[in-house]
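Visitor: Just dropping this structure here.
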Amino acid sequence: MGLKVTGGAIAAATLHVLRLAAAAQPGAVQPVPGPMRDLVWGKLNFLHTTDTHGWHAGHLQESQYSADWGDYVSFAEHMRKRADDNGVDLLLVDTGDRVEGNGLYDASSPKGKYYYDIFRQQHIDIICTGNHELYQAATADGEHLRTVPNFKDNYIASNLDYIDPRTGERMPMAQRYRKFQTKHQKLDIVAFGFLFDFTGNANNTVVQPVRQTIKETWFQHAIREKTDLFVVIGHVGVRMQEFQDIFRAIRDQNPATPILFFGGHVHIRDATAYDSRSFALASGRYLETIGWMSVDGDLKSTEAPQAKTALRFNRRYIDNNLLGMYHHTGLDSKTFPTEHGRNVSAMIAKARDALDLDYAFGCSPKTYWMTRTPYPGEDSIYSWLEEEVLPDIAVNESRKDKPRLVIANTGAIRFDIFKGAFTRDTTYIVSPFLSVLAYIPDVPYAMAKKVIRLLNGAGQIMGPELMDNRFMAIPEQLAIHESIIHHQVPESGAHSDAQQKPLADGQDRIPLTEGYTTRDDIGSDGDDTIHAGINFYMVPNCIQAEVAFPSSGDPPETVDLVFLDFITPWVLMALRLNGGDYHRDDVQLYVEGTFTELMAGWIEKNWPRRC
Ligand SMILES: *[C@@H]1O[C@H](CO)[C@@H](O)[C@H](O)[C@H]1NC(C)=O
Ligand SMILES: *[C@@H]1O[C@H](CO)[C@@H](O)[C@H](O)[C@H]1NC(C)=O
Ligand SMILES: *[C@@H]1O[C@H](CO)[C@@H](O)[C@H](O)[C@H]1NC(C)=O
């Protein structure tokens, strides 16, 4: 377990007094105390969420992230009051992908029936769109009809248009940028809200590539506005080219103005600086993390550029649980929940109830990990799928004796399965997609068996279409490829003296919980809670099960090549590269039902009903 904290960081650590946390969702596990790093306040302060993907009920099975959106509403209320008391400013930011990936959003019909009203309860000052708001036309409609008006003046769509389904008229999804003043210090802020150069959207939106947007007249005008700060929020990784291009364009016009970036999309905690007067923060995923950024120094633009003092930036990745929120507000279970926060928690509980999200398909006998354990291995979710689930669910009665290769991409799984109840909610969490099992009948085995190797080859395969193989794997691994989340790769022998040092109130040797041990460009003191590190093991892009192969051990002549329909383009390309002239017309449905439904059915049949 690598724990990477520097000596100085731990000195500021204090320990929670163990107390029962009230609020969160009924049935959520209690948070576990850990040594904490405090928030550093500045003149201008931010709380940031991103890629929440419907997890607004929090993580009911993970103590570290068990607070819900209502708790965040209470937290923000207290933090705003503290800002008011001290005459400083606090702004809230959300950078998209609020939907898809959790029963609270996905399980209702229509999707998001409860989500829109829950999400809008938080007052957010700057908000933009993620790619997941745009895959389905209906989701983009919901965004335009509900979330944009819910956040009115605060919603920004710098490079995104919406097409009205009735008139066919193309219009900005929301205003292109926003100019406003902060409450207390009257700091002028020009804010933008971008989406990366996404191309997988339904045809009722248009995403304009960032490099084109920054040439537009309105943008060129906006970056010449007289302002104290620029705030660029975006559903964009903080190391992606899109942010670099925006930074360059603004900086070329504004040699000394502070530029703050809030990003997301790659699901990691990360921070960097593009120069000494800019700072960029990414705040993780799934409501595990509430990002904190503060800026101090001379923020008013009245001084001549050369007279500018150095700015001080701080960042903290707050684990989303009540003990941490108590710590950062100095409150306790009695004084922390606000009326509004309690109401929101109650709204969520009611929605979860109406959706029957706690309905248990079965009880998982143990925890299956995606990347915390080696693949193949007995605790690997992918080995479980390959050895137990795929052979059982990939059955078509009329072809059940036909030998087959069954291929699933690892990106089809989005979350670990914890020991205990596997509920309706869990199905959406683990596999939120509508993928089905498709197949090509009677493919020569010599050709079919080579497909998996090509799919698992590194980088961009194959042929003229330049399809990136990595998009079949999990997004977190994409970030690893770009060596962004180096901090999650365990260092052998790394060991901290955290456990041996006496902590603030004389208690020592509190066991560290496993969790984020973030190392970003600023250092290794970003996480608010000091954790024991988590291992990260790479997984292949795809896994494969051999089913109904001859017991003689002789290779079959032909096989049915069965695969999740999501990877059809890659499979066809791989076959073509091996001389197989197959096309989309050759691909048929293999089994009725989505992969997610089939997996839930398998669990219902094979795991005990109750824990
Ligand atoms: C978008 O696609 C749908 C379904 O494929 C089609 O009916 C509709 O006409 C398309 N709309 C536009 C604006 O192209
Ligand atoms: C909380 O809910 C109660 C009951 O529905 C309502 O009367 C009250 O106004 C709500 N308070 C806030 C702050 O939302
Ligand atoms: C079996 O495959 C055939 C041909 O693709 C398909 O029509 C049928 O629906 C499948 N059966 C089941 C039970 O999914």
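Visitor: Tell me, for the chain, which Cys residues have no other cysteine's C-beta sitting closer than 4.7 Å.
Guide: If one checks each Cβ against the other cysteines of the chain, CYS128, CYS542 turn up with nothing under 4.7 Å.
Visitor: Quick one: angle between helix 568-577 and the longest Cα principal axis of the chain, in degrees between 0 and 90, rounded to 10, please.
Guide: For 568-577 against the chain, the angle is about 60 degrees.
Visitor: Helix-only mean residue ellipticity at 222 nm, the chain, DSSP H runs n ≥ 4 weighted -39,500 (n - 2.57), per residue, nearest 500. What is it?
Guide: Numbers: 18 runs with 138 residues, N = 611.
About -6000 deg cm²/dmol.
Visitor: Would you mind counting up the charge near ASP379? Only other residues with Cβ under 15 Å from its Cβ, with Lys and Arg at +1 and Asp and Glu at -1.
Guide: Values: positive: LYS366, ARG372, LYS419; negative: GLU378, GLU386, GLU387, GLU388, ASP416, GLU514.
With Lys, Arg at +1 and Asp, Glu at -1, the net is -3.
Visitor: What ³J(HN,Hα) values, in whole Hz, does the Karplus curve 6.51 cos²θ - 1.76 cosθ + 1.60 give for segment 349-363 when θ = phi - 60°, with x put for Gly and Pro?
Guide: 4, 5, 5, 4, 5, 4, 8, 6, 5, 8, 4, 9, 6, x, 10
Visitor: Using 7 Å Cα-to-Cβ label points, what is the LEU434/ARG399 separation (nm, one decimal)?
Guide: Distance between label points: 2.3 nm.
Visitor: Just for the chain, what percent of DSSP beta bridges are antiparallel, to the closest 5?
Guide: Numbers: 54 of 87 bridges.
Bridges in the chain that DSSP calls antiparallel: roughly 60 percent.
Visitor: In what sequence, largest accessible area first, do SER294, SER333 appear using a 1.4 Å probe? Spell out each step's value before the answer.
Guide: Details: SER294 0, SER333 30 Å².
Accessible-area ranking of SER294, SER333, largest first: SER333, SER294.
Visitor: Longest span of the chain, sites excluded, free of trypsin sites (Lys or Arg not before Pro) in DSSP loop with at most 13 other C-beta atoms within 10 Å? Intermediate values should be presented prior to the final figure.
Guide: On the way: sites that count: ARG166, LYS186, LYS215, ARG224, LYS226, LYS300, LYS334, LYS366, LYS400, LYS419, ARG509, ARG609, ARG610.
With trypsin sites (Lys or Arg not before Pro) excluded where exposed in loops, the chain gives 1-165 as its longest stretch.
Visitor: Could you tell me, in Å, what Rg and Dmax come out for the Cα atoms of segment 7-354?
Guide: 19.7, 62
Visitor: Another question, then. Leaving out ligands and nucleic acids, note down the accessible area per residue over the chain with a 1.4 angstrom probe, in whole Å².
Guide: On the way: 23800 Å² over 611 residues.
Accessible area per residue: 39 Å².
Visitor: In whole Hz and in residue order, list the ³J(HN,Hα) couplings for segment 230-246 that follow from phi through the Karplus curve 6.51 cos²θ - 1.76 cosθ + 1.60, θ = phi - 60°; x for Gly and Pro.
Guide: 9, 10, 10, 9, x, 7, 8, x, 5, 9, 7, 4, 4, 5, 4, 5, 5
Visitor: Follow-up question, since we're still on this one. Cross-link candidates for LYS226: which lysines have Cα within less than 20 Å, leaving aside residues fewer than 8 places away along the same chain?
Guide: Partners found: LYS43, LYS179, LYS183, LYS186, LYS215, LYS300, LYS308.
Visitor: Please check the chain for the longest run free of GluC sites (Glu not before Pro) that are loop-located per DSSP (anything but H, G, I, E, B) and have at most 15 other Cβ atoms within 10 Å. Working shown, then result.
Guide: Details: sites that count: GLU169, GLU216, GLU225, GLU303, GLU378, GLU465, GLU482, GLU491, GLU557.
Counting only loop sites that pass the neighbour cut-off, the longest clear stretch is 1-168.
Visitor: Computed on alpha carbon atoms, what radius of gyration and Dmax characterise the chain, expressed in Å?
Guide: 25.0, 84
Visitor: List the lysines whose Cα lies under 28 Å from the Cα of LYS605, skipping any in the same chain that are fewer than 8 positions away.
Guide: Partners found: LYS111, LYS366, LYS400, LYS402, LYS419.
Visitor: Roughly how many percent of the accessible protein surface of the chain is carbon and sulfur, given a 1.4 Å probe and a whole-percent answer?
Guide: On the way: 11940 of 23800 Å².
About 50 percent, which is the carbon plus sulfur part of the accessible surface.
Visitor: Can you give me the angle between helix 595-606 and the longest principal axis of the chain, using Cα atoms only, in degrees from 0 to 90, rounded to the nearest 10?
Guide: Compared with the principal axis, the helix lies near 70 degrees.
The values are calculated or read from the model by the stated rules, or taken from the named source; none is laboratory data. Source: prediction; values computed, not measured. Please note: Cβ atoms are built from the backbone with ideal geometry, for glycine as well, and neighbour counts cover all protein chains shown. Quick note on the areas: whole protein, heavy atoms, side chains included, nothing else; ligands and nucleic acids left out. Shrake-Rupley method; radii C 1.70, N 1.55, O 1.52, S 1.80 Å.
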